[in-house]
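Structure record follows, encoded as structure tokens.
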Amino acid sequence: MNGTDTASGPASLRPRLPSPLQETADGRFERHGVRLLLKRDDLIHPELVGNKWRKLAPILATVDGRTVVTFGGAYSNHLRATAAAGRLLGLSTVGVVRGQELAGRPLNPSLSRCAADGMRLHFVDRSTYRRKTEPEVLAALLRSADAEDAVVVPEGGSNAEAVRGCRALGTELGEHADVVALACGTGGTLAGLAAGLPPGRRVLGIPVLKGGFLADDIRRLQDLAFGGPRGSWDLDDRFHGGGYARTTPELDSFAEDFERRHDLPLERVYVAKMLHALLVLTQEGAFPRGTTLTAVVTGRPFP
């Protein structure tokens, strides 16, 4: 496989860190006395975008040339980032994909990119996928994927190493924000970000999936990474738009308008939902006048 020598590790990929922090003049926020900043994590690396770099870099630094197995759905940003990292670092990767029925169909653009980057795709039925963290089920999955000695990275990349890696995001922001907002899938970025912020600052998470399960997952991740809770954070579950990768006419209209105003293409699954939530919350008076609100741009549109 072509790629960078694994001995040089993820740092050899030359990430842009710290990522830029941009003032964003928007009268819809300003009339409520709220200052909006964008933390442009989407500019960290052209292929390992945003929180994917922050999560994967500390994990990949420890794999020592072994195959990496990870998990995701048919449109998973995490699978694409892992596949790209494998190509760039010369690592073999296997993506366990939710949905056995997809195995006989043409690959969508997301999975096609994974395959082009050298990822071997292994499709499993949805019932088995839901049980993938059970030791016996996981062992059987690894056997069937011919990857029994692989390093296993969880769905979304959220494990203790990844959470500790995301703590740097909070450290970079420091005193630059009163409230830091980001969209959440598995909660690992939020768990680390909250730990890195100084006292008196808080994180607002906008879940992009339905279910209301994320708070427990974040607490569990902080226990694993830090031995207990860290930082101040809360979640607002109202803005998932019907579920993962789903949208509404209101959300689409907001995203198109924001793109025109700020000449910034918006990733729809995560970033657009988070920014739409911030506008609604600002209009509801959720942030006191004088608040500096920083929105973390964790990705960009694909393809």
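Structure values in brief
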read-out: Which numbered condition Asp146 fails, given (1) in contact with a Gly (Cβ under 6 Å, 6 or more places away or on another chain); (2) open to solvent by 40 Å² or more (accessible area, probe 1.4 Å); (3) at positive phi; value: (1)
read-out: Filter result (more than 19 Å from the chain's Cα centre (by Cα) and open to solvent by less than 10 Å² (accessible area, probe 1.4 Å)) within the stretch 95-112; value: Gly99
read-out: Of all residues in the stretch 267-291 being surrounded by 17 or more Cβ atoms within 10 Å (Cβ to Cβ) and not hydrophobic (A, V, I, L, M, F, W, C), the one that is farthest from Leu251 (Cα to Cα); value: Thr291
read-out: Arg66 vs. criteria out of contact with any Phe, Trp or Tyr (no Cβ under 9 Å at 6 or more places or on another chain), touching a residue at least 60 places away in the same chain (Cβ under 8 Å) and within 26 Å of Ala286 (Cβ to Cβ); value: no
read-out: Within the stretch 90-192, helices (runs of 4 or more DSSP H) holding 3 or more residues that are in contact with a Leu (Cβ under 7 Å, 6 or more places away or on another chain) and modelled with pLDDT under 95; value: none
read-out: Residue in the stretch 227-248 that is within 25 Å of Arg28 (Cα to Cα), in a helix (DSSP H, G or I) and open to solvent by 80 Å² or more (accessible area, probe 1.4 Å) present; value: yes
read-out: Evaluation of Val208 against (1) over 18 Å from the mean Cα position of the chain (by Cα); (2) of a type in the set (Val, Ile, Thr); (3) surrounded by 19 or more Cβ atoms within 10 Å (Cβ to Cβ) (one fails), failing number; value: (1)
read-out: The listed residue being assigned to a helix (DSSP H, G or I), aliphatic (A, V, I, L, M) and touching a helix residue (DSSP H, G or I) at 6+ places or on another chain (Cβ under 6 Å), out of Ala11, Ala83; value: Ala83
read-out: Per-region count, the stretch 144-155, residues in contact (Cβ under 8 Å) with a residue 24 or more places away in the chain and either over 21 Å from Gln100 (Cβ atoms) or not small (Gly, Ala, Ser) (or both); value: 6
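The values are calculated or read from the model by the stated rules, or taken from the named source; none is laboratory data. Model, not experiment: these values are computed from the prediction. Glycine also receives a Cβ, built like all others from the backbone with ideal geometry; neighbour counts cover every protein chain displayed. When the accessible area is computed, the model is the full protein with side chains, heavy atoms only, and any ligands, DNA or RNA have been set aside. Shrake-Rupley method; radii C 1.70, N 1.55, O 1.52, S 1.80 Å.
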